[in-house]
Amino acid sequence: MLINPAKLAANANVAVVGAGVGGLSFGYFLTKLRPDVNITIIDAANRTGGWINSSTIEDHGKSPVVLEKGPRTLRGKSEGTTLIVDTLNALNKKDIVCYIEGKSEANRKFLLDRNDKLVQVPNSMGSFMKFLSSSLSKGLISGILGEPFRKPRSNSGEDESAHDLIKRRFGGEYVSNNLFSAIFHGIYAGDIKQLSAQRTLAPLLALEAKHGSLIKGAWGSNAKKGELELPKSLLRYQKSLDRNLQELSELHCRLRTLPMLGLRNGLESFPQALTIALQQNPKVRFILRNAVSQVAVAKDGNCRVSLADGNEITGLDHVRLTNTPAVIAAMMSNQQLAQELREAHSNTVVLLNFYLSDVDLLERYHSFGYLVPQSNRNDEQLLGVIFDSVIEKSFKPLNPAASLSAQRKPQRYTKFTAMVGGHYLRRDSQASLPETSQDYVDKVKTALIRHLNLSQQDLDRGHWQVTTAKDCLPHFFVNYNLWVARIKAKFNEEVGLRISLGGMAFSNGPGVPDVVMDGFEDADSLAH
Ligand SMILES: Cc1cc2nc3c(=O)[nH]c(=O)nc-3n(C[C@H](O)[C@H](O)[C@H](O)COP(=O)(O)OP(=O)(O)OC[C@H]3O[C@@H](n4cnc5c(N)ncnc54)[C@H](O)[C@@H]3O)c2cc1C
Ligand SMILES: C=Cc1c2[nH]c(c1C)Cc1[nH]c(c(CCC(=O)O)c1C)Cc1[nH]c(c(C)c1CCC(=O)O)Cc1[nH]c(c(C)c1C=C)C2
């Protein structure tokens, strides 16, 4: 978010560094808000979309198979999801939007217990009773019953680790080690003991501050559900882009009841739709396969961007940066600022996509997938596995009129994505780096044989792809919010808001909807 945005002059020149969904959304919304502005979007890669990458393989002469190398679902209740779906509507792409129903099997999630058995995260009385008989429930009942009576922290303004917050509220380490640590693997690829409570569990801290207890607070807010008013961010969007209030409110009310949304042919359809819209705009140009090496403010007060091929773009009124703090640090000539930016690291995740046609190997565990908590021994450093084939088969078109064209013959196949590494790689980076792709495949096969009872033969028959997503998720360390505020204030001091920061590290959360909402808000702040 911009602290004190400067407005753009008529016919201003803007550069956007990074053509991931953060950079594309910022650029797209700016073209809608200020059609007079000239925009150059630059990316080091030869494609747009960043970590959103729905690549395809051929299935022996049959139809192409999509393998997601990054995100694949959007949270229904995120405000940014409404913005994404409304944008797809505006771009005549509403037929590609799909959703998962609350009661769908793809909305079930499993956790791995200490004995490598999958235990379903409770979503009914029956599954709750089963959960209680697993080792993962240790400390849960006493933790819940005692929670309303545990005193809030006296120094509540100070940050702490997410683990410490959960430990305080639930009276011990079990709930964090057995449950929350798994969720933190499935969102941040991070170690709950190292992550900021203020950054990652802000809604829980707010409940504690207001009600003295998470459970008392959650009970009260459940009773208030059903309010139909649009949140502030969406009202701002509706007004600035002149969207129909009634239609947007109805869309938001519908989406927030849905656990997850996805897009037909993969999530990359969204950045692709933005890219096409931007490419058709004569005020926009793309420079791909050319990294930005330096961003500086010239004596005349305008910005200059230097590119890896030696070219420069000068006379820029504003530069939007959407990269990791370490990449931004390398672009800065101010060494003190660069050093502070380098304090924030990122996690690397190794993704292993698997596809096997004609057979459903996941029959016993139809669900979204499973996560591995830190209480599991986990020699393979597995964070979790997403069952893509189950998710895809459960998708329903959001637009009922699209249902006929979207309906395909039910087909048997197995598709999953195993995610390995994250904070485990940071911990012993020296030991892990020399591993080859085959080492990762072998490790994951060993884990899946143990966890899901799959056979070596079936796993050998499938198609595997290994992708190292280097520095793909910010490490939200304790006091991260203070760090962001300090960095933004320093930029303000140095370059007087000629440069703004977006993308995952500087948005309200790491999800696609957060980054898109941040892109809109900052474009709007600059535009008017
Ligand atoms: C494994 C994984 C799973 C995820 N799952 C989900 C999910 O289920 N749901 C969800 O909502 N979110 C998910 N996310 C998060 C989601 O991917 C991000 O929110 C989103 O992609 C961030 O977009 P961005 O534009 O900020 O960053 P990026 O996608 O990282 O884009 C930054 C761009 O900058 C470019 N770049 C880098 N250096 C330079 C340079 N020097 N010069 C020019 N360009 C440069 C890069 O090539 C890249 O294209 C997941 C992320 C990962 C890694
Ligand atoms: C196992 C590793 C990972 C899996 N997904 C991610 C990692 C690192 C990354 C990721 N997943 C989500 C987000 C967006 C968060 C947001 O604020 O919107 C990111 C960056 C979504 C998500 N995935 C899971 C949960 C609980 C969430 C958050 C909200 C939601 O959609 O319910 C669960 C989950 N992720 C992974 C698996 C295997 C899994 C559960 C079985 C993979």
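Summary of computed values
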quantity	calculated
For the stretch 287-365: Kirkwood Rh in Å [reciprocal of mean 1/r, alpha carbons]	15.9
Heavy-atom accessible surface of the stretch 137-221: percent carbon and sulfur, 1.4 Å	62
Sum of side-chain charges, Ser213 neighbourhood, beta-carbon under 11 Å (Lys, Arg +1; Asp, Glu -1)	+3
At R0 = 22 Å, FRET efficiency that the Cβ-Cβ distance of Leu235 and Leu91 yields, to 0.05	0.50
Trypsin sites (Lys or Arg not before Pro) restricted to the stretch 364-403 and DSSP loop, no more than 15 other C-beta within 10 Å	Arg377
Gyration tensor verdict on the chain (Cα atoms; rounded if a/c is under 1.5, prolate if a/b is larger than b/c, oblate otherwise)	rounded
Probe 1.4 Å, accessible area per residue of the stretch 218-324, Å²	55
Cut-off under 5 Å, modelled amide H: who pairs with Asn123 long-range	Phe128
Surrounding net charge for Gly301, when Lys and Arg each add one and Asp and Glu each subtract one, Cβ distance under 13 Å	0
About the Cα centre, charge dipole magnitude for the stretch 273-374 (Lys/Arg +1, Asp/Glu -1 at Cβ), debye	340
Expected-Rg normalisation [2.2 N^0.38 Å, Cα atoms] applied to the stretch 137-221	1.02
Backbone HN-Hα couplings from phi across the stretch 143-159 [Karplus 6.51/-1.76/1.60, Hz, Gly and Pro as x]	x, 5, 5, x, 4, x, 9, 7, 6, x, 6, 6, 8, 6, x, 7, 6
Net length gained if the chain between Phe128 and Arg285 were fully extended (0.36 nm per residue, minus Cα distance)	51.1 nm
For the stretch 125-148 and the stretch 250-295, distance of Cα centres in Å	41
Residue (of Gln381, Ser500, Leu214) at the positive-pole extreme of the chain, dipole from beta-carbon charges	Leu214
DSSP bridge orientation in the chain - percent antiparallel, rounded to nearest 5	70
Sparsely packed GluC sites (Glu not before Pro) within the stretch 205-299, loop by DSSP, other Cβ within 10 Å at most 13	Glu227, Glu229
Solvent-accessible area per residue for the stretch 68-116 (1.4 angstrom probe, square angstrom)	41
Amide proton proximity set for Val16, modelled H, under 5 Å, gap of 5+	Thr40, Ile41, Ile42, Arg320
Label point distance in nm, Lys77-Thr257, each placed 7 Å from Cα along Cα→Cβ	1.5
Under the span-like rule (Cα at least 20 Å along the axis, Kyte-Doolittle mean at least 0.0), DSSP H helices of the chain	512-527
Over 23 Å (Cα to Cα) - which of Lys130/Lys443; Lys32/Lys490; Lys32/Lys232; Lys62/Lys94; Lys94/Lys393; Lys77/Lys232 fall in this group	Lys130/Lys443; Lys32/Lys490; Lys62/Lys94
Sparse-neighbourhood loop sites, trypsin sites (Lys or Arg not before Pro) in the stretch 69-138 - DSSP loop, at most 12 other Cβ within 10 angstrom	Lys103
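The values are calculated or read from the model by the stated rules, or taken from the named source; none is laboratory data. Fair warning: this is a prediction, and the values are worked out from it, not measured in the lab. Because the Cβ atoms are built from the backbone with ideal geometry, glycine has one as well, and the counts that use them run over all protein chains shown. Calculation scope for accessible area: heavy atoms of the full protein, side chains included, ligands and nucleic acids excluded. Shrake-Rupley method; radii C 1.70, N 1.55, O 1.52, S 1.80 Å.
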